[in-house]
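Novice: First the structure, then my questions, so here it is.
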Amino acid sequence: MENNNKEVLLRISNLKQYFPLKKGRFVKANDGISIDIYKGETFGLVGESGCGKSTLGRTILQLYHQTYGRTMYYGRSLDDVAPKYVSATVKNLKSLREKWHDLRQKREKLEAEYETLDEKGKYAKHAELDSARKLEEDAMLNMTKIVGGFVSVDDLKPVIDVYSKSYDIAKKLSAMDDKREKHAVNVEEERYAKRAAEEAGKEYNEKKLAKAEQKLADTDAKIDAYRKELSAISAEIDQMRKPYANDPEFQKYEAYRDDGIDLARLKYEEIRKLRRDMQLIFQDPYSSLNPRMSVGQIISEGMIAHNMVKNKGDRMQEMVLNVMDECGLAPYFLHRFPHQFSGGQRQRIGIARALATNPKFVVCDEAVSALDVSIQAQIINLLLDLKERENLTYLFITHDLSVVKYISDRIGVMYLGSMVELAASEEIFDKPRHPYTEALLNAIPTTESVGGRQLEILEGDIPSPVDPPKGCKFHTRCKYCTEICEHITPEWEEVAPNHFVACHHKLQVAE
C-alpha cells in the first residue's frame, strides 16, 4: 500500500484476530489491519491500553493463529520453505476457482440490490456488501498469489502439472537446505575445535574437519542442481505466459503474483522453521525470564532449539558471551540467575535472548514501559545501536508517544483493534489528520506550546471490543462525529504521500 523504493519485509493485509467467547461472541482484538513493514526500519505502534497493539505483534509472529487475512513475509523465498499450502492450492485450483466464481456472483447480486436502496437501507447493507467483497478478494488472492494470471485460462491441467513439478523440487530443495544448516554447524564446530587445540598446543585430527567440509561441499552441489532444475521450470512457466501477453484479463490477475510466504497459511513445523527469523522482546523483564535458569541457559535456549550448535560446549559459550557483550552484559553474569539483576539488566538479558538466533524482525512489546526513565534511555539507545549493527527491523509497541517519536521511522496509530492513521514519525506529530491522533497528542503534558495545542484529556471510555460501535469505532468519543460516522466504516486512504488515514472528517493541515 505504501509506494516507494524501500524493500518490504512484511506485508499485512486485512488482518483480523478474534478470540471466541460464549454464545458465539468474539473479542475483536484486531479488525482489518493493513500495513507494510520495510526492511531496516522501526515501525512504531501507539494507542491506548487495550487497543490491540500487543495482539497485533504476537499475531504477526503467528504466536496467535490469525482469524483472517494475509501476513506475507519476504525474508525468505517460497522455495526455501516449500509450504504445503502451495501444493494444496495448485492441486485444487479448479475447485478453488469455481468457489471464487460463486463468491463473485454473490457479490454482484448484493451490489445490484445495494444500488436500489435508499440512504438508510445502504447504511444497513454496507457491512454485508463489504464482507462479500473481502471474501471474494481473499478467494482470488489465495490463488493468484501463487499462479498469477493462470486463474483466468480455460485449460488448467498444464498449469497444475508444471506448478506441481516445481513444488516437488522446491520441497527437496528445502529438505536439502535443512541438511546444509546441520553440516555448516558441524564445520564450524570442527574449526573451533581445531583452533582451540592449536591454542592449547594439542594435536587435532584434520580428517574430522576434512570430512565435515566434504559433506558440506556435497550438499552444496546437490542444492545447486536443484536450483538449476527450478530455474528450468521457471523458464518453462514464463514460456507458458507469453501467449497471454496481450490478454487484459490475464494481466489483471498476473499483477497479484507474489513470491512472499503467507505466514497465516503455514503448518506448525513450517512456521517453526521461521521462528529464528522473527523474535519477541517482552514487556515485563521480571516475569518473562525463567527464574530457574541461568543467564547463559536463557540466552542459549534459542540456539539449541534451532540447532545452531551441535552440543553445549565451549563454542556455544563463546557465542553466548558475544551476544551478551553486544547487549552490554558483563561476562561474569553468565552463571547468575534473573533475581540477581535489576530491571534494566533483565531487559538486556531479554534482548540478548531475542538476538541469539540472528533474527531479521523483532517485535519490541512495550520493551521499556516497566523501566525507570533513565534506564529507558539506555535500552532505547541499545536497541538503536543493535538495529544499525545487525540490520534489524523492529515493530516497536508502546503507549508513550515521546518514546515512539524518538525511535520510530514511521508510526501507526491504533484504536479499538483498527489502524486509524499511519505516517512518518515527524508528520504524525506535526500534521495529524485523524481526530484520535490529535486527541493523543493534546493529552501529552508539556511546558511548551507545541503548534498552539492545549492540554486536553480525551473524554469517555473505550467501547467494548466484544461489541464495537458500528461505522467508525471512534465516533462515540469524537467531537467531529456526524451521521455517516455512525453507520459507515471509513476507508483507508492516502491523504498525502505515504500518509494514510481512515476517517470521514480528516483534519485540515494549515500551510
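The values are calculated or read from the model by the stated rules, or taken from the named source; none is laboratory data. Values in this document were obtained by computation on a predicted structure and should not be read as measured data. Here Cβ is always computed from backbone atoms with ideal geometry, including for glycine, and neighbour counts include all displayed protein chains. Keep in mind that these areas ignore ligands, DNA and RNA; they rest on the heavy atoms of the full protein, side chains included. Shrake-Rupley method; radii C 1.70, N 1.55, O 1.52, S 1.80 Å.
Novice: Can Tyr167 be described as open to solvent by less than 80 Å² (accessible area, probe 1.4 Å), in contact (Cβ under 8 Å) with a residue 24 or more places away in the chain and not basic (Lys, Arg)? First the steps, then the outcome.
Specialist: Details: open to solvent by less than 80 Å² (accessible area, probe 1.4 Å): yes; in contact (Cβ under 8 Å) with a residue 24 or more places away in the chain: yes; not basic (Lys, Arg): yes.
Taking the combined requirement at face value, the residue satisfies it.
Novice: Right, another one. Among the residues of the stretch 401-423, are any acidic (Asp, Glu), out of contact with any Gly (no Cβ under 9 Å at 6 or more places or on another chain), open to solvent by 10 Å² or more (accessible area, probe 1.4 Å) and farther than 21 Å from Pro468 by Cα? It would help to see each step written out before you state the result.
Specialist: Just the residues of the stretch 401-423 that are acidic (Asp, Glu), to begin with: 409, 421.
After this cut, where a residue has to be out of contact with any Gly (no Cβ under 9 Å at 6 or more places or on another chain) as well, the list is none.
The answer is no; no qualifying residue exists.
Novice: So which of Leu56, Leu10 ends up being outside any strand (DSSP E or B), aliphatic (A, V, I, L, M) and on the phi < 0 side of the Ramachandran plot?
Specialist: On the way: Leu10 fails: outside any strand (DSSP E or B).
The match here is Leu56.
Novice: May I ask you to verify whether Tyr114 is assigned to a helix (DSSP H, G or I), in contact with a Lys or Arg (Cβ under 6 Å, 6 or more places away or on another chain) and either open to solvent by 40 Å² or more (accessible area, probe 1.4 Å) or modelled with pLDDT under 95 (or both)? Before the answer, list the steps.
Specialist: Values: assigned to a helix (DSSP H, G or I): yes; in contact with a Lys or Arg (Cβ under 6 Å, 6 or more places away or on another chain): yes; either open to solvent by 40 Å² or more (accessible area, probe 1.4 Å) or modelled with pLDDT under 95 (or both): yes.
Considered against the rule, which asks whether it is assigned to a helix (DSSP H, G or I), in contact with a Lys or Arg (Cβ under 6 Å, 6 or more places away or on another chain) and either open to solvent by 40 Å² or more (accessible area, probe 1.4 Å) or modelled with pLDDT under 95 (or both), Tyr114 comes out as yes.
Novice: Something else about it: Do you know which of the residues in the stretch 1-17 that are basic (Lys, Arg) and under 15 Å from the mean Cα position of the chain (by Cα) is modelled with the lowest pLDDT?
Specialist: If we filter the stretch 1-17 for residues that are basic (Lys, Arg), which is where we start, we get 6, 11, 16.
Now narrow it down to the ones that are under 15 Å from the mean Cα position of the chain (by Cα): 11, 16.
Working: Arg11: 96, Lys16: 93.
Restricting to residues being basic (Lys, Arg) and under 15 Å from the mean Cα position of the chain (by Cα), the top hit is Lys16.
Novice: Among the residues of the stretch 126-136, write down those that are open to solvent by 40 Å² or more (accessible area, probe 1.4 Å) and free of Cβ contacts under 8 Å to residues at least 60 places away in the same chain.
Specialist: First, pick out the residues of the stretch 126-136 that are open to solvent by 40 Å² or more (accessible area, probe 1.4 Å): 127-128, 130-131, 133-135.
Glu128, Ser131, Arg133, Leu135 - these are the residues of the stretch 126-136 that are open to solvent by 40 Å² or more (accessible area, probe 1.4 Å) and free of Cβ contacts under 8 Å to residues at least 60 places away in the same chain.
Novice: Taking the criterion of being out of contact with any helix residue (DSSP H, G or I) (no Cβ under 8 Å at 6 or more places or on another chain), closer than 26 Å to Lys360 by Cβ and loosely packed, with under 15 Cβ neighbours inside 10 Å, would at least one residue in the stretch 55-65 satisfy it?
Specialist: The answer is yes; a qualifying residue exists.
Novice: Got at least one residue in the stretch 23-34 being of a type in the set (Gly, Ala, Ser) and surrounded by 20 or more Cβ atoms within 10 Å (Cβ to Cβ)?
Specialist: Pass one, the stretch 23-34, residues of a type in the set (Gly, Ala, Ser): 24, 29, 32, 34.
Now narrow it down to the ones that are surrounded by 20 or more Cβ atoms within 10 Å (Cβ to Cβ): 29.
Looking for residues that are of a type in the set (Gly, Ala, Ser) and surrounded by 20 or more Cβ atoms within 10 Å (Cβ to Cβ), one finds at least one in the stretch 23-34, hence yes.
Novice: To continue, here is another question. Every residue in the stretch 67-80 that is open to solvent by 10 Å² or more (accessible area, probe 1.4 Å) and at negative phi, please. Quick ask: steps written out before the conclusion?
Specialist: Looking only at the stretch 67-80, we keep the residues that are open to solvent by 10 Å² or more (accessible area, probe 1.4 Å), and these are 67-70, 74-80.
Within the stretch 67-80, Thr67, Tyr68, Arg70, Tyr74, Gly75, Arg76, Ser77, Leu78, Asp79, Asp80 qualify.
Novice: While we're looking at this one, here's another question. Could you grab the pairs with beta carbons closer than 8 Å, sequence gap of 6+ or different chains, first residue in the stretch 202-218 and of a type in the set (Phe, Trp, Tyr), second one open to solvent by 100 Å² or more (accessible area, probe 1.4 Å)?
Specialist: These pairs meet every condition: Tyr204/Glu198.
Novice: Tally up the residues in the stretch 72-92 that are in a loop (DSSP other than H, G, I, E, B) and in contact with a helix residue (DSSP H, G or I) (Cβ under 8 Å, 6 or more places away or on another chain), please.
Specialist: Summing the residues that are in a loop (DSSP other than H, G, I, E, B) and in contact with a helix residue (DSSP H, G or I) (Cβ under 8 Å, 6 or more places away or on another chain) in the stretch 72-92 gives 4.
Novice: Looking at this structure, is Ser174 surrounded by 18 or more Cβ atoms within 10 Å (Cβ to Cβ), within 30 Å of Lys312 (Cα to Cα) and either free of Cβ contacts under 8 Å to residues at least 12 places away in the same chain or of a type in the set (S, T, N, Q) (or both)?
Specialist: Working: surrounded by 18 or more Cβ atoms within 10 Å (Cβ to Cβ): yes; within 30 Å of Lys312 (Cα to Cα): yes; either free of Cβ contacts under 8 Å to residues at least 12 places away in the same chain or of a type in the set (S, T, N, Q) (or both): yes.
Taking the combined requirement at face value, the residue satisfies it.
Conditions tested, residue by residue: (1) under 30 Å from Lys39 (Cβ atoms); (2) touching a Gly at 6+ places or on another chain (Cβ under 9 Å).
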| residue | (1), (2) |
| --- | --- |
| Lys310 | no, no |
| Met324 | yes, yes |
| Ala330 | no, no |
| Leu334 | no, yes |
| Pro338 | no, no |
| Gly350 | yes, no |
| Ala354 | yes, yes |
| Thr357 | yes, yes |
| Val362 | yes, no |
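Novice: Moving on. Here are some conditions: (1) open to solvent by less than 70 Å² (accessible area, probe 1.4 Å); (2) touching a Gly at 6+ places or on another chain (Cβ under 8 Å); (3) assigned to a helix (DSSP H, G or I). Phe396 meets all but one. Which one does it not meet?
Specialist: The failed condition is (3).
Novice: Right, something else. Check whether at least one residue in the stretch 409-420 is over 16 Å from Ile281 (Cα atoms), touching a His at 6+ places or on another chain (Cβ under 9 Å) and of a type in the set (Phe, Trp, Tyr), and report yes or no.
Specialist: Checking the stretch 409-420: at least one residue is over 16 Å from Ile281 (Cα atoms), touching a His at 6+ places or on another chain (Cβ under 9 Å) and of a type in the set (Phe, Trp, Tyr).
Novice: Take the residues of the stretch 354-375 that are crowded, with 19+ Cβ neighbours inside 10 Å and either at positive phi or in a helix (DSSP H, G or I) (or both): which is modelled with the lowest pLDDT?
Specialist: Among residues in the stretch 354-375 that are crowded, with 19+ Cβ neighbours inside 10 Å and either at positive phi or in a helix (DSSP H, G or I) (or both), the one modelled with the lowest pLDDT is Glu366.
Novice: Would you check which residues across the stretch 384-415 are out of contact with any strand residue (DSSP E or B) (no Cβ under 7 Å at 6 or more places or on another chain) and aliphatic (A, V, I, L, M) and list them? Show your work before the answer.
Specialist: Step one: filter the stretch 384-415 for residues out of contact with any strand residue (DSSP E or B) (no Cβ under 7 Å at 6 or more places or on another chain), giving 384-386, 388-391, 400, 402-403, 405-406, 415.
Leu384, Leu386, Val403, listed by residue number.
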